[in-house]
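Before any comments, here is the structure.
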Amino acid sequence: MPVWHLRDFHDDDLDQAIQLWDQGRHADLSLPVFPVSDVVAAARGGQPAVVALVGEELVGMAVARAEGERGWIMIVALSGAWRNRGLGSALITQVEQRLRAKGVRRFSAVLTPGSTGTAALENSGYRQVSGLVYYEKLEHPDAGDAGLLAQLGGRVMPHGLWERLAGMHAAKDAIERRIVLPLTEPELAESYGVRPPKAVILFGPPGTGKTTFAKAVASRLGWPFVELFPSRLAADADGALAASLREVFADLADLSSVLLFIDEVEEIAAARSGTAVDPGHGVTNELLKLIPAFRDHDDRLLICATNSLRTLDSAFLRPGRFDYIIPVGPPDAVAREAIWRRYLGPSAQRVDIDRLVSASEMFTPADIEYAARKGSQQAFENEITHRTGLPAGTDDFLAAIAATRPTLTAQALETFNEDIERHVRT
């Protein structure tokens, strides 16, 4: 008598199911024909999906999809200890029963040779059909991956963002040399023994441009940009944050290329207390396990951003997970001038830029953008009221600077400089 029992898939099986699929991918050394995201959608959407349990442990799963009179076996996943013991055939039998109830009369499966499920299919009466060739077309992300990108909230960034980055030359130069060039010149990098980076951390005070740099790198590479919001993920997770995180990373594996950006990563990688009741312990552990798997894929780049490195778990900062830890600090005088000129546009020819640069010493790029907009708006409103015909001038922008509270503080700069001394890796 078999020691397993079979039942329909439940949503709370997803955590163990994703782990099982991951094990199967590593064991078979081949990619599944149906993306994991499609399998998850079918299982959660009422298509035939059966799991095998030994006690509380999920040891097998089969998912199918009905399309009129034809049904497709999408995946057969088995725990390594339960292969070649009849479990796969039992799962297929149960899935077939559910397909018949949907009117299916022709059962089909497409698997890579030797992958999990091939023996079970043959034992269940399926035969390999010769004379057929499986065709597949991979399209640019703005075509075939568009649906998945939209689901993940991602997009292809417009060209030219890198070139339009104003100021911040020290950070831009470091990111250019360490991140961009090895990824845009992979063959040349390989000939010199340089490995293109797979994961990096950008750190610095709020508003210094970490997100802007990440988007500009995606634009330069021509890769889709996906931003993972820890707070939004937690709100949607319904208490299963680690499982939701795994599901996102599983979906990302189906994209041909991607830059994944996680801002305020400390929300899911904060220093662990060491106690089992620590609510952040599980999700931090999960992220630490997901990063090495993410690094195994080509054309993948993970950029994490944080305002303070000292809030991150120490294991998160060890070499091997992140290739570089790069500071993105406040703009110096040269950078502030470039940023002012960018946001002032034509008005830059009519104002005393040096005075604005001097007055905005503690300003971040975001602060300068705000002050530039505020000064222009105030000049516009004065014109509406008084009709003087005077364009926005130096005094308008100095007044806007005076009315803007800088993001930076002396304490924030001190913390930033200490983190540079202790953690920078470039």
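Coupling constants for region 208-216 follow from the phi torsions by the Karplus curve (6.51 cos²θ - 1.76 cosθ + 1.60, θ = phi - 60°), and in residue order they are 7, x, 5, 5, 4, 4, 4, 5, 5 Hz; glycine and proline get x. What length, rounded to one decimal in nm, is gained on full extension from Arg422 through to Leu188, with 0.36 nm per residue of separation minus their alpha-carbon distance? Here the answer is 81.0 nm.
With contributions of -39500 (n - 2.57) from each DSSP H run of at least four residues, the per-residue ellipticity at 222 nm computed over the chain stands at -12500 deg cm²/dmol.
A full extension of the chain between Gln23 and Asp332 corresponds to an added length of 106.3 nm, given 0.36 nm per residue minus the alpha carbon distance. A dipole drawn for the chain from +1 and -1 charges on Cβ atoms has a positive end, and of Ile339, Thr211, Thr407 the residue lying farthest that way is Thr211. Just how far, in whole angstrom, is region 310-373 from region 43-63 if you go by their alpha carbon centroids? Their Cα centres are 51 Å away from one another. Over all pairs of different C-alpha atoms, region 333-407 has a mean inverse distance whose reciprocal, the Kirkwood radius, equals 12.2 Å.
Dipole magnitude for region 27-117: about 340 debye, using +1 per Lys or Arg Cβ and -1 per Asp or Glu Cβ, origin at the Cα centre. Gain on full extension, evaluated as 0.36 nm per residue between Val110 and Gln151 minus their Cα-Cα distance, stands at 12.2 nm. Taking every DSSP beta bridge that has both ends in the chain, the antiparallel portion is near 50%. Placing dummy labels 7 Å off each Cα toward the beta-carbon, the span from Ser231 to Thr93 is 5.3 nm.
Which of Gly393, Ala348, Leu309 sits closest to the plus end of the dipole of region 294-426, meaning its Cα is farthest towards the positive end, when Lys and Arg get +1 and Asp and Glu get -1 on the C-beta? Farthest towards the positive end: Leu309. With R₀ set to 35 Å, the beta-carbon distance separating His159 from Val33 gives a calculated FRET efficiency near 0.55. Remark: spin-label model distance Glu369-Asp173 equals 2.5 nm, labels positioned 7 Å along the Cα→Cβ axis.
Coordinate-derived values only; no laboratory data. Source: prediction; values computed, not measured. No Cβ is skipped: glycine too gets one built from the backbone with ideal geometry, and neighbour counts run over all protein chains shown.
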